[in-house]
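Here the structure comes first, spelled out in structure tokens, and everything after it is commentary.
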Amino acid sequence: MAFDIDMIKKLYAEMPAKVEAARKMLGRPLTLSEKILFSHLHSDQKLEGFERGGSYVDFAPDRVAMQDATAQMALLQFMQAGRPKVAVPSTVHCDHLISAKVEAKQDLQVATTESKEVYDFLASVSNKYGLGFWKPGAGIIHQVVLENYAFPGGMMIGTDSHTVNAGGLGMLAIGVGGADACDVMAGLAWELKWPKLIGIKLTGKLNGWTAPKDVILKVAGILTVKGGTGAIVEYFGEGATSMSCTGKGTICNMGAEIGATTSTFGYDASMSRYLSSTGRADVAALADTVAAHLTADPEVYADPSKYFDEVIEIDLNTLEPHLNGPFTPDLATPISKMKEVALANGWPTKIEVGLIGSCTNSSYEDISRAVSLAKQVSEKGLTTKAEYMITPGSEQVRYTIERDGFLDVFSQIGAKVFANACGPCIGMWERVGAEKKEKNTIVHSFNRNFAKRADGNPNTYAFVGSPEIVTALAIAGDLTFNPLTDTLTNDKGEQVKLDAPTGDELPVRGFAVEDAGFQAPAEDGSQVVVAVDPASKRLQLLDPFTAWEGTDLKSLRLLIKAKGKCTTDHISMAGPWLKFRGHLDNISNNLLIGAVNFFNEKTDNVKSQLNGNYDTVPNTQRAYKAAGIGTIVVGDENYGEGSSREHAAMEPRHLGVRVVLTKSFARIHETNLKNKVCWL
Ligand code: MIC
Ligand code: SF4
């Protein structure tokens, strides 16, 4: 049975009347996104014809999810709210703090020792305030949410930009900063600018080497990293309904990379199958009763340009596999053009490592299709040229793929299986030799490939592809290899071709797991004590920021003018810094260390206007702070692209930056900067 089934029942019971009222008020058919938005208006929010991209509207999301790296700050804020319990079902997932070094078991042990203080804190806060707690090793937040909590027509927020993954089950799931999560857990309304709507019609059917990932790689190429800003992307058409539910999740997941508020798909048979196979036939049965409200009105998909602000059509029959990168997820190259493009750009073509998994691409279907390629290595007398690594998305998937013999096949090609956690995707990869900063190429099925993201090496060229393409390229060890047309030389000196991947959408024998890693909270948590050691290096209780003095800001000094891309990874780097996510002062020592100084093209090297000397950004800023001098940070376009981490907004404020001036901001970062944090 599903978690929180009564909440889902209530929502579905009220949905028809709410949808009808909105349809009547607007006097036209509704898109799916509008149906979900209108059925989640906060009780104090008046129903009206909101202006897309203009009106600020109050919502009541159904649930909240937080991962360990962001939950610490969100829960430190929630503890100040004075509530005995969270107001809506909420969960915490321990996935970001586990380094990938040796293999799953050993790495997990290291993490549970090293981060014990943080895990204990998160577990006891969850226990006290009624949040579900998913232990380290249980899996990556977005996979665990998809397997357990996501449901068609629901609205959730999560303190991670890839919360949008749950759109694969027909939700509106939106990434936010911790202060927003704190508001909703405290029973307050959640505000969002009424989004614009982009409709993407998928015609035809995926076939051969092409996978759901290629849809979003293509879309990212069309829309770029900021093309989805302020918009919900709604997918529809025969190509959508013929695709698996987890494939839809992959597409929605990477919608974060085009800046979209979220992405979603209408309820269909693939979602019903997925719900049933993950033990939620009850949710599928309920959804069937309101199925017409869980997708757009038929008129909308028949004439989409009338209802969406922008419509894109993609023919899956002819869609080619893509590889996006390096250094940005929107630089899309079809596999047939890669050779030419790579050589023209001087990208290193030898592939050192292929990595599959992550929250984006670790479904049973993904793994089974990748395994169908790994099997061909011994069948065809090949050897795998690159290293190959797997990070499963959840213990349920890991256990099931082990049972079904997939991990054995992978081990025959020398694969390493890391913990069910973020690992290499977020820089928690202790890659041997990365410190030498050598120019090299990796391919992965994750979602982001900003400089330094996976292994901290600025010279690692990372390309994003489907698990199938990543596996084929790891076997070939060559970025210019096109598995659709090219051959490989086997141990007999023959030319052999890889057969196109095949796999199962869902495990034929069903999912299985021994310990999924869930810990339910205490019925009455009032006696649970949450202790934070004042001497801790990892956790620090929050003090309110000083309020604005009410007068104009004058005589500010320029801390840094950042050149080019300045993502949240540049502003508050992850990897080794993740351990300080619960300690604002300590993590502030990474402030803007990845940003390129416009004037000398260096990172973490700025001129102090106090003494004319060059120093690191945090040192320079701390000196201004000590002298009581406010500063200004200047950025370019789409500043703060990427993550939901509010540290990127809190650190500058904590250290005394008064103004961030840019041509434009990414949505979540803008909200984080403006946010009145709820403990103020
Ligand atoms: C990411 O993929 O960048 C992260 C790490 O999951 C972040 C969250 C964070 O910064 O903690 C995200 O996408 O929001
Ligand atoms: Fe974790 Fe990477 Fe997914 Fe972020 S994108 S949640 S770091 S696996």
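The values are calculated or read from the model by the stated rules, or taken from the named source; none is laboratory data. Treat the numbers as computed from the prediction; the structure is a model and nothing was measured. Glycine gets a Cβ as well: all are built from the backbone with ideal geometry, and neighbour counts include every protein chain shown. Accessible surface is based on the protein model in full, side chains and every heavy atom, while ligands, DNA and RNA are left aside. Shrake-Rupley method; radii C 1.70, N 1.55, O 1.52, S 1.80 Å.
Numbers for the structure displayed
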item: Listed residues Leu343, Leu539 arranged by accessible area, highest first, probe 1.4 Å; result: Leu343, Leu539
item: Sparse-neighbourhood loop sites, chymotrypsin sites (Phe, Trp or Tyr not before Pro) in segment 253-305 - DSSP loop, at most 16 other Cβ within 10 angstrom; result: none
item: Solvent exposure ordering (accessible area, 1.4 Å, most first) of Ser272, Ser126, Ser43; result: Ser43, Ser272, Ser126
item: Accessible-area value, Thr229, 1.4 Å probe, nucleic acids and ligands omitted, Å²; result: 50 Å²
item: Protein accessible area in the chain, 1.4 Å probe - carbon and sulfur %; result: 51 percent
item: Accessible area per residue in Å² at 1.4 Å probe, computed on the chain; result: 36 Å²
item: Cα centre as origin, Lys/Arg/Asp/Glu Cβ charges: the chain dipole, Debye; result: 1520 debye
item: Trypsin sites (Lys or Arg not before Pro) lying in DSSP loop within segment 369-464, provided at most 16 other Cβ fall within 10 Å; result: Lys437, Lys439
item: Magnitude of the charge dipole, segment 557-675, Cβ model with Lys/Arg +1 and Asp/Glu -1, debye to 20; result: 220 debye
item: Cleavage-rule hits, trypsin sites (Lys or Arg not before Pro), segment 259-337, DSSP coil, Cβ neighbours within 10 Å at most 16; result: none
item: Amide H contacts under 5 Å for Ala260, placed H, 5+ residues apart; result: Gly228
item: Solvent exposure, largest accessible area first (probe 1.4 Å, DNA, RNA and ligands not counted), of Arg667, Arg83; result: Arg83, Arg667
item: Using θ = phi - 60° and Karplus 6.51 cos²θ - 1.76 cosθ + 1.60, couplings along segment 302-313 (whole Hz; Gly, Pro as x); result: 6, 9, x, 5, 6, 10, 9, 6, 8, 10, 10, 10
item: Chain lengthening between Asp636 and Asp288 when straightened (0.36 nm per residue, less Cα-Cα); result: 120.5 nm
item: Whole-number percent relative contact order across segment 322-496, with pairs defined as alpha carbons under 8 Å at least 6 apart; result: 34 percent
item: Antiparallel %, DSSP beta bridges [both residues in the chain], to 5; result: 30 percent
item: Accessible area of Lys497 in the full protein assembly, 1.4 Å probe (Å², nearest 10); result: 90 Å²
item: Dipole of the chain [Lys/Arg +1, Asp/Glu -1 at C-beta], most positive-end residue of Ala512, Thr502, Pro61; result: Pro61
item: Estimated Rh, the chain: Kirkwood, alpha-carbon pairs, angstrom; result: 25.3 Å
item: Hz values of 3J(HN,Hα) by residue in segment 141-151 - Karplus curve (6.51, -1.76, 1.60), Gly and Pro given as x; result: 2, 6, 6, 5, 5, 4, 6, 10, 10, 5, 8
item: Fraction of the pair-distance distribution of segment 483-534 above 18 Å, Cα-Cα pairs, percent; result: 72 percent
item: Nonlocal amide H pairs with Tyr639, under 5 Å, H built at 1.01 Å; result: Ser664, Phe665, Ala666
item: The chain, relative contact order [Cα under 8 Å, separation at least 6], %; result: 16 percent
item: Karplus (6.51, -1.76, 1.60) ³J(HN,Hα), θ = phi - 60°, over segment 3-17, in Hz, Gly and Pro reported as x; result: 5, 6, 5, 5, 5, 5, 4, 5, 4, 5, 5, 8, 4, x, 5
